[in-house]
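One structure below.
The values are calculated or read from the model by the stated rules, or taken from the named source; none is laboratory data. What you are looking at is a predicted structure, and each value in this text was computed from that prediction instead of being measured. Cβ sites come from the backbone with ideal geometry, for glycine too, and all protein chains shown count toward neighbours. Protein only, heavy atoms only, side chains kept; ligands, DNA and RNA dropped before computing areas. Shrake-Rupley method; radii C 1.70, N 1.55, O 1.52, S 1.80 Å.
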Amino acid sequence: MTTRKRVAVLISGRGSNMTALIEAAKIPNYPAEIVGVLSNRSDAVGLETAAANSIPTAVRSHRDFPDRNAFDAALDDVLRGWNTEIVALAGFMRLLTPQFTERWLGRMINIHPALLPSFKGLHTHEQALAAGVHLHGCTVHFVTPGMDEGPAIMQAAVPVVQSDTPDTLAARVLKAEHRIYPRALAALADGRVSLVDGRVMLTPDSLNDEAFVWPKL
Ligand code: GRF
């Protein structure tokens with residue numbers, strides 16, 4: 001197998017999506033390795049999971065920097081120190097500057113707990129219930145300067161049922177997140193998907209990959 005892409009994961013909390021990526025990277029022939037986990041919060045539970053998996057961790061608190069540019073420059077230093085090739089945001093709760101997103105354009109992805117472009121921002125499950133949609137889900141997308149605006153790489157839909165609360169719906173969506181994030185990262189890492197002129201391009205063989213169309217629940 002060719003060399004695996006070096007992936008850094010950015011988190012702020014629990015890190016269950018990060019864990020899904022770490023577990024996927026243990027599979028032989030997975031095209032990416034997790035080379036570091038970076039958090040803006042020292043109390044992020046995911047840091048312990050990463051350390052337990054012998055993955056280097058770093059903390060850079062936004063509170064220690066005068067502005068977003070300085071904070072993002074510090075993040076960039078850490079990423080470069082790990083020779084990062086791909087950045088995976090996984091519950092990273094800071095907005096990134098346009099300079100940072102431009103630097104990593106096409107090489108930085110995020111998982112959002114809604115079927116974008118519906119329900120951007122926070123409290124997506126409350127938003128979905130309030131809107132009365134019957135299908136909700138999650139999206140892995142390239143990160144661009146606009147929040148939750150980058151083009152979608154992969155999506156999974158889950159049903160909304162009558163008895164759902166934000167918590168029950170969140171749990172159903174989270175399972176789908178854990179399923180598609182490793183698949184989307186693999187697709188980016190092995191070159192099946194790329195960002196070209198602001199659009200997601202799939203290689204011809206990917207067009208037959210049902211993961212891009214309708215990931216199984
Ligand atoms: C996930 O729902 C993700 O989609 C969103 O933030 C949450 C992070 O959860 N961006 P976890 O830290 O991965 O468990």
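In region 69-85, the residue that is farthest from Val7 (Cα to Cα) out of those that are in a helix (DSSP H, G or I) and among the charged types (D, E, K, R) is Asp72.
If I filter region 47-68 for residues that are part of a helix (DSSP H, G or I), in contact (Cβ under 8 Å) with a residue 60 or more places away in the chain and within 26 Å of Leu188 (Cα to Cα), do I get at least one hit? So far as region 47-68 goes, no, none of its residues is part of a helix (DSSP H, G or I), in contact (Cβ under 8 Å) with a residue 60 or more places away in the chain and within 26 Å of Leu188 (Cα to Cα). Of all positions in region 157-166, none carries a residue that is under 19 Å from Ala24 (Cα atoms), at pLDDT 95 or above and either of a type outside the set (Lys, Arg) or under 15 Å from the mean Cα position of the chain (by Cα) (or both). I'd like to verify a number: residues in region 65-124 that are more than 16 Å from the ligand (Cβ to nearest atom) and open to solvent by 40 Å² or more (accessible area, probe 1.4 Å), how many? Number satisfying all stated conditions: 17.
Of all the criteria given as (1) part of a loop (DSSP other than H, G, I, E, B); (2) open to solvent by 80 Å² or more (accessible area, probe 1.4 Å); (3) touching a residue at least 12 places away in the same chain (Cβ under 8 Å); (4) away from the ligand (no atom under 11 Å from the Cβ), the one not satisfied by Glu23 is (1).
Please go through region 1-20 and pick out each residue that is more than 14 Å from the ligand (Cβ to nearest atom) and either in a helix (DSSP H, G or I) or more than 17 Å from Val87 (Cβ to Cβ) (or both). Once the filter is applied, which keeps residues that are more than 14 Å from the ligand (Cβ to nearest atom) and either in a helix (DSSP H, G or I) or more than 17 Å from Val87 (Cβ to Cβ) (or both), region 1-20 yields Met1, Thr2, Thr3. For region 119-138, the criterion of a residue being of a type in the set (S, T, N, Q) and in a loop (DSSP other than H, G, I, E, B) is satisfied by no position. Going through (1) buried (at least 18 other Cβ atoms within 10 Å of the Cβ); (2) assigned to a helix (DSSP H, G or I); (3) of a type in the set (S, T, N, Q) one by one, Thr144 falls short only on (2). Within region 173-185, the presence of a residue that is of a type in the set (Gly, Ala, Ser) and in a loop (DSSP other than H, G, I, E, B) is excluded. Just to be sure, is Ala170 part of a loop (DSSP other than H, G, I, E, B), touching a helix residue (DSSP H, G or I) at 6+ places or on another chain (Cβ under 7 Å) and within 11 Å of the ligand (Cβ to nearest atom)? For Ala170, the condition - part of a loop (DSSP other than H, G, I, E, B), touching a helix residue (DSSP H, G or I) at 6+ places or on another chain (Cβ under 7 Å) and within 11 Å of the ligand (Cβ to nearest atom) - is not met. Of the candidates Arg183, Arg172, Arg192, the single residue that is open to solvent by 30 Å² or more (accessible area, probe 1.4 Å) and in contact with a Leu (Cβ under 8 Å, 6 or more places away or on another chain) is Arg192.
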